[in-house]
Each structure stands twice: as C-alpha cells, then as structure tokens.
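The values are calculated or read from the model by the stated rules, or taken from the named source; none is laboratory data. These numbers come from a predicted model, not from an experiment. Note that we place each Cβ from the backbone using ideal geometry, even for glycine, and neighbour counts take in every protein chain shown. To get the accessible areas, we keep the full protein, side chains included, count just its heavy atoms, and leave off ligands, DNA and RNA. Shrake-Rupley method; radii C 1.70, N 1.55, O 1.52, S 1.80 Å.
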Amino acid sequence: MATDHDDYWTVIEPLLDGTTGLQRQPIFGGPAFPLPAEGALTNFEAKYEVEGRSRHRGTWRRVV
C-alpha cells in the first residue's frame, strides 16, 4: 500500500492494521516485492516528492 494522500492514509492504515488475517510487515516491500522499496514507485510519486508531499507506505501479508 502506498499513497501520498494524508487523509486516505489515516483511514486505510488502521483499517488494514485491524483486519483479522492481515499482518503488517516491519518493512515496506520485501524480497518478492517487484518495485523499489525506497525509491519513487511512479512518475506521480516522483513529482509529488519534489513538491514535498508526504509519502505513506506499508506492507501487509495475509496470514492463515
């Protein structure tokens, strides 16, 4: 999950954290994640980073 929208993040982060069957991972991305975990993920994100917008990221795994 990645977003630059602060209001959206304040809703989605606790929702995902509180969802039974999902476990938050200690780092964004991981070995199987196909995108760079630290760099900009999209052209929009790169543009927003230059504009000083916040970047929110989190990785959750389904647990059974």
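Please tell me if LEU41 is among the aliphatic types (A, V, I, L, M) and over 22 Å from VAL64 (Cβ atoms).
In short, yes.
Looking at (1) among the hydroxyl-bearing types (Ser, Thr, Tyr); (2) part of a helix (DSSP H, G or I); (3) more than 12 Å from the chain's Cα centre (by Cα), which is the only condition TYR8 fails?
(3)
Can you tell me how many residues in segment 23-40 are more than 11 Å from ALA2 (Cβ to Cβ), open to solvent by 80 Å² or more (accessible area, probe 1.4 Å) and not acidic (Asp, Glu)?
Total meeting the criteria: 7.
Pairs, please: C-beta under 8 Å, at least 6 apart or cross-chain, first residue open to solvent by 50 Å² or more (accessible area, probe 1.4 Å) and in segment 41-54, second basic (Lys, Arg)?
If the second residue must be basic (Lys, Arg), the pairs left are GLU49/ARG55.
Of everything in segment 1-22, what is among the acidic types (Asp, Glu), open to solvent by less than 60 Å² (accessible area, probe 1.4 Å) and at pLDDT below 95? Give them in sequence order. It would help to see each step written out before you state the result.
Restricting attention to segment 1-22, the residues satisfying the condition of being among the acidic types (Asp, Glu) are 4, 6-7, 13, 17.
The next check asks that each one be open to solvent by less than 60 Å² (accessible area, probe 1.4 Å); those that pass are 4, 13.
Answer for segment 1-22, where residues must be among the acidic types (Asp, Glu), open to solvent by less than 60 Å² (accessible area, probe 1.4 Å) and at pLDDT below 95: just ASP4.
Among the residues of segment 23-64 satisfying the criterion of being modelled with pLDDT of 85 or more and small (Gly, Ala, Ser), which is nearest to the chain's Cα centre (by Cα)?
GLY58
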